Structure formats: structure tokens, C-alpha cells
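Everything on this sheet refers to the single structure shown next.
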Amino acid sequence: MTLKKNIRRQDMISCVLCGDAPCSNACPKIKPGEILRSCWFDNEDVAALQLPKENPCASCDAPCEAECVKKGQVHIKELMTVLSEKVRPDCEIELPEDVDRLKCDICGVPMENPFLLSSSVVASTYDMCARAFEAGWAGACFKTICSFDINEASPRFSAITGDNGSILGFKNIEQLSDHSVAENMEIFRRLKEKYPTKFILASIMGQDEAEWEELSRLCEENGADAIELNFSCPNMQEDGLGSDIGQVPELVERFTRAAKRGTKIPVLAKLTPNVATMSPAAEAALRGGADGIAAINTIKSVVGVNPLTFVSAPAVKGQSAVGGYSGNAVKPIALRFISELGQNKKLQGLHISGMGGIETWRDALEFILMGSGSIQITTAVMQYGYRIIDDLKSGLNYYLAQMGIKSVKDIVGAGLDSISDTTDVLDRGSVLFPKFNPEKCLGCGRCVISCNDGGHQAIKFEDRKPKLDGSKCVGCHLCLLVCPENAITSSKKRIKR
């Protein structure tokens, strides 16, 4: 499998991933907008294989670049040439036609692929879910249904962005569905009638045992395939709801049991990450009869404190509030909780629906390897749209075909044996040195600075070239992480201490 990337996001930093991309409309041969998007979402091989075998841009005067909304800033012809002449020849297999390897299920209910919209604004109306289903999503966890009044604040989103403007971390203070229970039940009926094979996961929140039971019953009667119990929303106005429940295992067990009384379809408990460990609540959900666990919901956060007003974002008439943090920045935390659940022997057999910072097929694969049997996504859809499903499916399918894996279900939890909750298991008797690539090295000295001020003073600068002092190097690999050109790799040789 080819893991080395020829095109990085830095190379595409000016591309804004247009809707109805002018570059694609200008090109008579290919769809450069779609191909660039695939590269952005770590799907370089699939992008290259969409091109003809002969470079379609070789004798082209690049009308795509003339029509680009950022004229002269996105080197489309050059990027397409790299894909055609460097990436495509190294692809190990052609694009697989068979997508059956993506088929999976939630608690025995079949799905065409592992990808669902998670419970949020992205799955809050009939039209939105219908467009997502048409785009290729296997299903949707509908925005949480409740019987109490919802009055949202404005604005209610804020974000932390990277150098290229893309969202790294996202904060929301949004609550639940503002449609009535009856309106949402009508949406379920319409969706199930039009899309009978799509998976409808009904997220609910009750105020007492009777409401949890009644909402479960109604969702099943109106077409839901499974129920998700929202024990984790961090943004509720009243105490005793959302994440307040998820932090108390006794309440998780009680309300799970109540919901199970109202339905015969599978029930998943969606748990809060605002705890030290998730297993106590997960085990409580199992005692209450849960068939699966969904995790993680957003993490309580404060972001963007304004230095002039002293108010954090989003500011609502001079006030703000702790809100839920999501986006790619929370993925490591989400994976930690998923691995905890996946390794818990008491939870064996429970379906895990994983979420938290997933943008690309590689992100999704990491969750699958840590034990997730299905994948839910919101923040990436909010930023890039339902269209990301194309690269989620094609990237994961291509990976499985390359690896000779017949079904995505065969690798659920396959990475759990490599994870330990203690560092005692790690080898501490050898050092893996870094290796410098002189052809890539710019001579910027970033590795020297980081090693001197944040490492072990093991790199010297000679004629603007880094030189390693093996007697001082401890193999921490800080230099690999800070190099802006990826000119440093791991050597294959380990040195015994």
C-alpha cells in the first residue's frame, strides 16, 4: 500500500474546495475540482486513478486556472501532472468496482457502508437527510428529539482555524431539535417510505422514565431502525439532562432500561467524554439493556476569549457559555475513549458507533481499528458538505482492496492489541535515530532550533545542513514533527542503549 504522499494540503493551500467548481466546468477532459478535493481528503491514489493513463494536461493551456476563483494561486495543471506522472504509475491496483466490502451493520440491521450523519443540525430536516442519502450516506442519526421547548442562541458557533483557514476545532452552544415530536415522526415516515434501505438512528432525550419509554416507542412505530439515547449533550439549559445524566452511571442504567421498555429495536447509549473514564457509564448502559454505545459527544470547552471585550466566543450580547468542542482536534481524545470501550471485556458484543473529529477515510479507519463498527460525522460535513462521502467511501474501499480485506467488519478492533493504558509495556532499551534527506532539506534550521530548545542538543548546523550527534540523540523524533518539508524520516536501524 502506498502511504507516501506526493501532494500535501500545504501544496493546495489556496484551493477553497468550491461548490460547482469553476475549474471543473472549464475543463473538457476531467473534473479537477473533484480530484483536488480527493487529494485534500487523503485520497491521493483514488484521485490519480480518476485521471486518464496519459497526462491529460500535458498540452493544455490550463483554462481551469483561468477560471479559478483564486486566479494564479492554485497550480492545478502542475498538481494534475504530479498525480498523472508520479502517483498513478505507483498505484498498486486499479479502482475496485466492487463496493460490497463496505457493507456492515448496526446490531444486525444492515447498512451499505459504515458512514452515518451524527445527531446534529446536519441531520435535522427531511430535505437534508434526503440529500445526504442521495449523496451516498448509509444513514443518519437524526437531531435529538425531545418534548420540551428549544430556543437557540445567536450566534451559536465559533472555531479555531489553522494557517490555511480550515477549521481545526469547533465549538457549539446548540441544543436539540426545535421541531415537535409529531413533526419529527412525520419526517421519519417520509424518509423510510422514500429510502427504505437507509439506516435511521433516532436520537432522543426524555425528562423522566416515562418520556424515555414513550419516545422510544414512537420512533420505532414511525420507522426508526434503532434508538440513540442522548446522555451527553453539554449544552442543556436545565440541570439533570444531557451530559448530567452521562456522568452518573445509575441514571444511565435507569433511563436505558426505561427506553428499552418502549421498543424492540436496538438501543445505543450515547455517552459523554466529560468524564475520566467511560467504562462505568457504558457498563451501566449494558445493565440497562443497551445493545450498543455511541461515543464521543462534544467536549465542554471555552474558546476564543476576546482581548478587548474579555468575552469568549460565540458572544451573545456580551455573554457566552461553556459549549461543546468538536472537529479534528478532538480525534485523539475520541480514539482514547473508543479504545477503552473496545478493550473492556465486559462490553464484548456491544456495537460501538464512533465519532469525534473524523474528516477523512483514514480518520474513519482509525476508529474502526479501535473498535468502532460504524462511523458518525458532523463537523466535517458542516465545513465541507455531504459531498465528503465520496472520498470516505472510495478511500476506505480502495484501502480494503489494496490490503486484500474482504469486509470492513473483519478489521473492527484490529488495532486494539497495540494499545495499552500504561507505558510499562514499551521497549526502553533501544534508540531509533532520525534520518535526514539532503535532497529535500531546505537548510531552514527548524530541526536544530527544536532539538536545542526542546530536545537534547543532538543536531548541529554545518553549512546550513543538519548533522546528527548520535551520542546525544535519544530518538524522541521531535525533529521529524517540526520539519516543514518532511525531509526527516526514521532510520531502520535501532541502536541499543
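For the reader, a short list of remarks on this structure follows.
- Among the candidates Val305, Val252, residue that is at pLDDT 95 or above, over 30 Å from Lys346 (Cβ atoms) and in the same structural domain as Ala140 (by TED's automatic domain parsing): Val305
- A Cβ distance below 9 Å, combined with a sequence gap of six or more or placement on separate chains, defines the contacts here; from region 151-178, residues that are on the phi > 0 side of the Ramachandran plot reach residues that are modelled with pLDDT of 90 or more in the pairs Gly165/Val16.
- In region 194-232, the residue that is farthest from Gly242 (Cα to Cα) out of those that are hydrophobic (A, V, I, L, M, F, W, C) and assigned to a strand (DSSP E or B) is Phe199.
- So Val408, is it of a type in the set (Val, Ile, Thr), crowded, with 17+ Cβ neighbours inside 10 Å, touching a strand residue (DSSP E or B) at 6+ places or on another chain (Cβ under 8 Å) and within 30 Å of Gly136 (Cα to Cα): yes
- Among residues of region 131-161 being of a type in the set (D, E, K, R) and touching a helix residue (DSSP H, G or I) at 6+ places or on another chain (Cβ under 8 Å), the one that is farthest from Ala321 (Cα to Cα) is Arg131.
- Tally, over region 348-365, of residues that are assigned to a loop (DSSP other than H, G, I, E, B), touching a residue at least 40 places away in the same chain (Cβ under 8 Å) and either of a type in the set (Ser, Thr, Tyr) or crowded, with 23+ Cβ neighbours inside 10 Å (or both): 4
- Evaluated against (1) of a type outside the set (D, E, K, R); (2) buried (at least 17 other Cβ atoms within 10 Å of the Cβ); (3) under 27 Å from the mean Cα position of the chain (by Cα), Ala259 falls short on exactly one condition, (3).
- No other residue among Ser243, Ser279, Ser232 is touching a Lys or Arg at 6+ places or on another chain (Cβ under 9 Å), free of Cβ contacts under 8 Å to residues at least 60 places away in the same chain and within 21 Å of Pro332 (Cα to Cα) apart from Ser243.
- Those residues of region 105-164 which are within 23 Å of Ala295 (Cβ to Cβ) and aromatic (Phe, Trp, Tyr), in sequence order: Phe115, Trp137, Phe142, Phe157
- Candidate set: region 59-115, residues that are basic (Lys, Arg) and in contact with a Cys (Cβ under 8 Å, 6 or more places away or on another chain); chosen: the one nearest to Asp390 (Cα to Cα): Lys77
- Single residue of region 433-456 satisfying the filter (within 31 Å of the chain's Cα centre (by Cα) and surrounded by 14 or more Cβ atoms within 10 Å (Cβ to Cβ)) that is nearest to Arg362 (Cα to Cα): Pro434
- Residue match in region 422-431 (condition: closer than 30 Å to Asp291 by Cα and surrounded by fewer than 24 Cβ atoms within 10 Å (Cβ to Cβ)): yes
- Qualifying residue in region 116-138 (condition: in contact with a Cys (Cβ under 8 Å, 6 or more places away or on another chain) and either among the polar types (S, T, N, Q) or exposed (fewer than 14 other Cβ atoms within 10 Å of the Cβ) (or both)): yes
Yes or no, residue by residue, for (1) under 25 Å from the mean Cα position of the chain (by Cα); (2) not assigned by TED's automatic domain parsing to the domain that holds Gln175:
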{"site": "Pro28", "(1), (2)": "no, yes"}
{"site": "Phe41", "(1), (2)": "yes, yes"}
{"site": "Glu44", "(1), (2)": "yes, yes"}
{"site": "Glu54", "(1), (2)": "no, yes"}
{"site": "Glu85", "(1), (2)": "no, yes"}
{"site": "Gly108", "(1), (2)": "yes, no"}
{"site": "Glu112", "(1), (2)": "yes, no"}
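Residue by residue, here is whether (1) within 23 Å of Pro110 (Cβ to Cβ); (2) over 17 Å from the mean Cα position of the chain (by Cα); (3) at pLDDT below 95 holds:
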position: Leu365; (1), (2), (3): yes, no, no
position: Tyr384; (1), (2), (3): no, no, no
position: Lys393; (1), (2), (3): yes, no, no
position: Gly404; (1), (2), (3): no, yes, no
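- Per this entry, Asp61 is not counted among residues that are surrounded by 19 or more Cβ atoms within 10 Å (Cβ to Cβ), farther than 17 Å from Thr197 by Cα and either hydroxyl-bearing (Ser, Thr, Tyr) or not assigned by TED's automatic domain parsing to the domain that holds Leu268 (or both).
- Here Arg336 clears all of (1) buried (at least 24 other Cβ atoms within 10 Å of the Cβ); (2) part of a helix (DSSP H, G or I) except the condition numbered (1).
The values are calculated or read from the model by the stated rules, or taken from the named source; none is laboratory data. A quick note: this is a predicted structure, and the numbers were derived from the prediction, not measured. Reconstructed Cβ throughout: ideal geometry from the backbone, glycine too, with neighbour counts over all protein chains shown.
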